[in-house]
Amino acid sequence: MVQQIWETLKETITAYTGLSPAAFFTVLALAFAVYQVVSGFFVSPEVHRPRSLEVQPQSEPLPPPVQLGEITEEELKLYDGSDSKKPLLMAIKGQIYDVSQSRMFYGPGGPYALFAGKDASRALAKMSFEDQDLTGDISGLGAFELEALQDWEYKFMSKYVKVGTIQKKDGEGKESSEPSEAKTASAEGLSTNTGEEASAVTHDETSRSTGDKIAETTEKKDVATDDDDAAKE
């Protein structure tokens, strides 16, 4: 069967090309070789490179999140991505999250880079990129904006690690406590002064009464002496 097919193929090649089977396959091999050489000038060899031989770039693993505890807003600005050795941090409603894994979004050059290193609660709620909205103050926001902010917070809580909180400003508390301390000190000073004045008055009265008694005793002695002299005379 195979022999019959091969004989038929040879007859067909000879009839249509006028070449012997050996010459035909030689010409066919040369044509394929010329095609490979010519195509190499127009197509980059990387296109034909097997995927298994391609070297995939290895990304450096991210360091584990570092817990910072309670920090100020000024300290949070140090983690805005400008220093690649520091983690990339961002805060929502006073809670600080490590967003280093999304550096392409929140890092330098990213679409949300201006939110990094800040509490951008108001900006996220309003989807605003204005400088005046880059704050954690959410007073005056509407129900729709507060709901949008809540969605952002849920997203951050589920995706990123919380590493700290923003220290609350207690300037008003200090101001309110200082007058109280001043009043307490004034009251203590007043009571002390009053006690000292009372002691001084008591001491003066005691001194005066003692002096009066001595003067009366002296007068009585003088009178008695005069009476004795008069009786002798």
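The values are calculated or read from the model by the stated rules, or taken from the named source; none is laboratory data. Since the structure is predicted, the reported quantities are computational estimates derived from the model, not experimental observations. Ideal geometry is used to build each Cβ from the backbone, glycine not excepted, and the neighbour counts take in all protein chains shown. Side chains included, ligands, DNA and RNA excluded: accessible areas come from the protein's heavy atoms. Shrake-Rupley method; radii C 1.70, N 1.55, O 1.52, S 1.80 Å.
What to note about this one:
- Note on segment 138-166: among residues that are open to solvent by 80 Å² or more (accessible area, probe 1.4 Å) and of a type outside the set (Gly, Ala, Ser), the one that is nearest to LEU88 (Cα to Cα) is LYS162.
- Close pairs from segment 126-141: first part of a loop (DSSP other than H, G, I, E, B), partner of a type in the set (S, T, N, Q) and crowded, with 16+ Cβ neighbours inside 10 Å, Cβ under 7 Å, at least 6 apart: GLY136/SER121; ILE138/SER121
Let's see how each residue does on (1) under 11 Å from the mean Cα position of the chain (by Cα); (2) modelled with pLDDT under 90; (3) more than 22 Å from ASP151 (Cβ to Cβ); (4) open to solvent by 60 Å² or more (accessible area, probe 1.4 Å):
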position: VAL43; (1), (2), (3), (4): no, yes, yes, no
position: LEU68; (1), (2), (3), (4): yes, yes, yes, no
position: GLU74; (1), (2), (3), (4): yes, no, yes, yes
position: LEU78; (1), (2), (3), (4): yes, no, yes, yes
position: PRO87; (1), (2), (3), (4): yes, no, yes, no
position: MET90; (1), (2), (3), (4): yes, no, no, no
position: ILE96; (1), (2), (3), (4): yes, no, no, no
position: ALA123; (1), (2), (3), (4): no, no, no, no
position: SER128; (1), (2), (3), (4): no, no, no, no
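- Test: LYS86 is in contact with a helix residue (DSSP H, G or I) (Cβ under 8 Å, 6 or more places away or on another chain), touching a residue at least 40 places away in the same chain (Cβ under 8 Å) and within 24 Å of GLN67 (Cα to Cα): no
- Condition met for VAL55 (in a loop (DSSP other than H, G, I, E, B), modelled with pLDDT under 60 and on the phi < 0 side of the Ramachandran plot): yes
- Hits in segment 67-86 - residues which are in a loop (DSSP other than H, G, I, E, B) and of a type in the set (Lys, Arg): LYS85, LYS86
- Filter result for TYR106 (open to solvent by less than 40 Å² (accessible area, probe 1.4 Å), under 15 Å from the mean Cα position of the chain (by Cα) and modelled with pLDDT of 95 or more): no
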